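**Q** One structure, pasted below without further comment.
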Amino acid sequence: MILSENIISVVHFMAFPGRQNTDSMLRGEPDERYLMNSLKIIADDPYFKGIEVTRIKDPALRKKAIDFLSKTGMTIFFGAQPVQLLNEEKYDPADISSINELERKNAVDRLKRALEEAYQFGAVSFAFISGRDQGPDVRETAKLALIRSIVELAEYSRSLAKEFKREPIRLVLEMFDRINDPRGRFANQLIGPTFEAIEVARRIRDEYEIPEFGLLYDLSHMYLLRNYYIRKKKVDIKIGEDENAQEIKNVVVEEEIEEPEAPVVLQYLMPYLVHVHIGNCVLDPNDPRYGDSHASFAYPGGAMKVRDVANFVKALHEMGYKGPIGFEIRPYDREGSVPVLQHAKAFFDDARTWQDVIYGIGGFKFATREYFPEWAFYRLTDIRINHPEIAIEELKNRKKRKKLTDDGYLVLLAADHPARRVTSVVDDPIAMGDRLEYLGRVVRVLASGFVDGVMATPDIIEELAIINHLFKKAGKKGFLDGKLVIGSMNRSGLSGTYYEMEDDLTSYTPEDIKKMNLDGGKLLFRLDTGRYSRFSIRTMRYCAEAMRRMNDYGLPVFLEPLPVTREREDQPYRVIMDPEEIIKMVNIASAMGGSTLRTWIKIPYLPSFDKIARSTTLPILILGGEATGDPTITIENVSKALGSAPNVRGTLVGRNILWPGRDDPRAIIRAIWEVVHNGLGAADALEVMLEERGRNLNELVEVFEKTLL
């Protein structure tokens, strides 16, 4: 499970606010039995490895809590936020950011006393808040006061560290809302919006050289925080006093933008983020728990839904966050602390097991040219010219499989799209037209070993044969040995042409496949039932005749029958993703070619797939379709299809493996392999996939260096 290495903690003084949910714990005046019992509940729960405590006024009771926690092995974090928010001393609410120097020093001294308790507890961090915002007129001056206060706290902390003979405790500024609500339902703190917090953190870390300083971000504050900035835009205005004036002038105006925060801000906070809280808030002003209430995730009026927590967790996962994650929720009225905590755990676990959350790519980006550099790519031309026999000999002499499939399932890579004038990937119209990119990604998949074979046109297969030869010459295992090599046959249905539906055998013929020692052939049959249906019928005849000849050679056929349509002649064809139409196409395909005993069907996944699967006894492979940039969709669809019917036997996918957004094609094929051959669900396969990402990135360069330099 993702974030399993992070310390999960409980904000003790919130989860257990006091007997009958009174605030005695927040005040630092808990009942002894309640305090010790609540500490034991958290310590006995293996889910939690940390606990966040606050001051305990009674020294004897504090010592009991310290002695108990010291034996639990839990990581202890100290939070001074309740001390500041309660403000029993009636200091300036601006606290350590007060522009009144006397008030500021009083607030700093109060935190110093709390800091002493934190060291007594053996805490690893000390969290605090900035103090109330004093308005825009003095905001910059208040930030300077805040920075001065934090520097003074750091100096005092370092002196305490020497006294306790340990490293200085981490000083953590928690970011709160800056909402001035007359009912006091919000904190209205100076810090505050993310970009202002970053500037404060940068100065403390870099200018004052205090590396033990960091920031705490609370999920429950995300919808309460606002970032303000000035945006310039051009507008047209009429010139002249007359309302009917015709002269228009384009001018630049400024407007203030207020934006709520989103999980993406965590990426900006990344250098300074050392602690996060998972909590809830209520945004309905008419709700009794309105505001920064840290209500239970079970509370109907809570703003945070599972999707919100999932987005937050995904952002943490993608940025590689390793710090503590604290549950900050509290019971109200007759709610119990333990049920509220149990629900929070279930809520969090639900969020972090969503498949798009597990699939966190972070800053990784697969760069084909690092795997397959230009100098190596262009050596293939030399081999084509000087030693074309290498490819032919490699294909004829390669070690073939004894059976088509050992376990009844197949994972095949499709690499034949460019030959049909299909080169686009997402928003790049010629992505697959770059042969270095295309071939490098194909080799990346095949060299992983987590694939049963490749289906491609002659040019691709011959290039793969050359590279396979070089792999073996370099002392590595050939990636085509023991794998299926399937020849793509009909490629004349060029995308965007008048005769697109007439798709004759312009690539491999059955005789070519037999001669080149390939393992089978692939055919595409698309049916346009409109005015161009005659071209589709001709293609049907071409396919049927090719299937008969393949049967004569005892070779399997992978047939892709697709219903297609287009709105206008100047628009591209699209597959009709309708179960009824797919069923009709499968029925047609199941009767083609004289015999279908060696025929596999390749069709897209869509809802009600169990009905589609029941339309044939032929083995079915799932195709990937157009690249989406999100490989989790393909992985999920393959898993769903396999669960729909027993005659679904794997996948034949191309673009969604080769161009999985920024991800590594090797990682994606590993996930699909685990789903198809090992029966893993999509979520479990994604976790395995993370282990494969970026592995053996220098293998192809090593092969070319050993054999061609």
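The values are calculated or read from the model by the stated rules, or taken from the named source; none is laboratory data. Bear in mind the structure is a predicted one, so any value in this text is a computation, not a measurement. Cβ: placed from backbone, ideal geometry, glycine included. Neighbour counts: every protein chain shown.
**Q** Could you count how many residues in region 296-305 are farther than 16 Å from ASP218 by Cα and surrounded by fewer than 16 Cβ atoms within 10 Å (Cβ to Cβ)?
**A** Residues that pass the stated criteria total 1.
**Q** Consider region 609-629. How many of its residues are polar (S, T, N, Q) and closer than 22 Å to ASN656 by Cα?
**A** Residues meeting the conditions: 1.
**Q** Do we have LEU173 as within 26 Å of VAL282 (Cβ to Cβ) and touching a His at 6+ places or on another chain (Cβ under 8 Å) here?
**A** no
**Q** Next question, about the same structure. Among all residue pairs at least 6 apart or on different chains, which show Cβ distances below 6 Å where the first residue, located in region 16-42, is within 21 Å of ALA295 (Cβ to Cβ) and the second is at pLDDT 95 or above and of a type in the set (Val, Ile, Thr)?
**A** Listed pairs, sorted by first residue: ILE42/VAL10; ILE42/ILE51.
**Q** Give me the residue from region 42-67 that is among the small types (Gly, Ala, Ser) and out of contact with any Ser or Thr (no Cβ under 8 Å at 6 or more places or on another chain) and, out of that set, surrounded by the most Cβ atoms within 10 Å (Cβ to Cβ).
**A** Within region 42-67, the match that is surrounded by the most Cβ atoms within 10 Å (Cβ to Cβ) is ALA65.
**Q** While we're here: Here is a check on your reading of the model: is GLY323 surrounded by fewer than 20 Cβ atoms within 10 Å (Cβ to Cβ), at pLDDT 95 or above and assigned by TED's automatic domain parsing to the domain that holds VAL53?
**A** So GLY323 passes the test.
**Q** Being small (Gly, Ala, Ser), without any contact (Cβ under 8 Å) to a residue 60 or more places away in the chain and not in a loop (DSSP other than H, G, I, E, B) is the filter; apply it to region 297-342 and report the residue that is farthest from ASN6 (Cα to Cα).
**A** ALA310
**Q** In this structure, is VAL638 of a type in the set (Val, Ile, Thr), surrounded by 17 or more Cβ atoms within 10 Å (Cβ to Cβ), in contact with a strand residue (DSSP E or B) (Cβ under 6 Å, 6 or more places away or on another chain) and not in a strand (DSSP E or B)?
**A** Criteria met by VAL638.
**Q** Going by the structure shown, is ASP308 modelled with pLDDT of 90 or more and of a type in the set (Asp, Glu)?
**A** Judged against the criteria, ASP308 is a match.
**Q** Where residues in region 363-399 are exposed (fewer than 13 other Cβ atoms within 10 Å of the Cβ) and of a type in the set (Val, Ile, Thr), which of them is nearest to ALA431 (Cα to Cα)?
**A** Out of the qualifying residues, it is THR381.
**Q** Condition first: part of a helix (DSSP H, G or I) and either touching a strand residue (DSSP E or B) at 6+ places or on another chain (Cβ under 9 Å) or under 21 Å from GLU174 (Cα atoms) (or both). Now tell me which residues in region 5-40 satisfy that.
**A** The answer is HIS12, PHE13, MET14, ALA15, LEU39.
**Q** Do the conditions hold for VAL586, that is, is it over 24 Å from THR423 (Cα atoms), touching a residue at least 12 places away in the same chain (Cβ under 8 Å), crowded, with 24+ Cβ neighbours inside 10 Å and in contact with a helix residue (DSSP H, G or I) (Cβ under 9 Å, 6 or more places away or on another chain)?
**A** No.
**Q** I'm told ASN286 meets every condition in (1) exposed (fewer than 15 other Cβ atoms within 10 Å of the Cβ); (2) over 19 Å from the mean Cα position of the chain (by Cα); (3) in contact (Cβ under 8 Å) with a residue 40 or more places away in the chain except one. Can you identify the failing condition by its number?
**A** (3)
**Q** Same structure again: I'd like to check something: does region 120-140 contain any residue that is among the hydroxyl-bearing types (Ser, Thr, Tyr), in a helix (DSSP H, G or I) and in the same structural domain as ILE51 (by TED's automatic domain parsing)?
**A** no
**Q** Within region 641-655, which residues are in a loop (DSSP other than H, G, I, E, B) and buried (at least 24 other Cβ atoms within 10 Å of the Cβ)?
**A** Hit for region 641-655 is GLY654, nothing else.
**Q** Go over the candidates ILE513, ILE486 one by one and state the one that is buried (at least 21 other Cβ atoms within 10 Å of the Cβ) and within 28 Å of GLU581 (Cβ to Cβ).
**A** Criteria check complete, one pass: ILE486.
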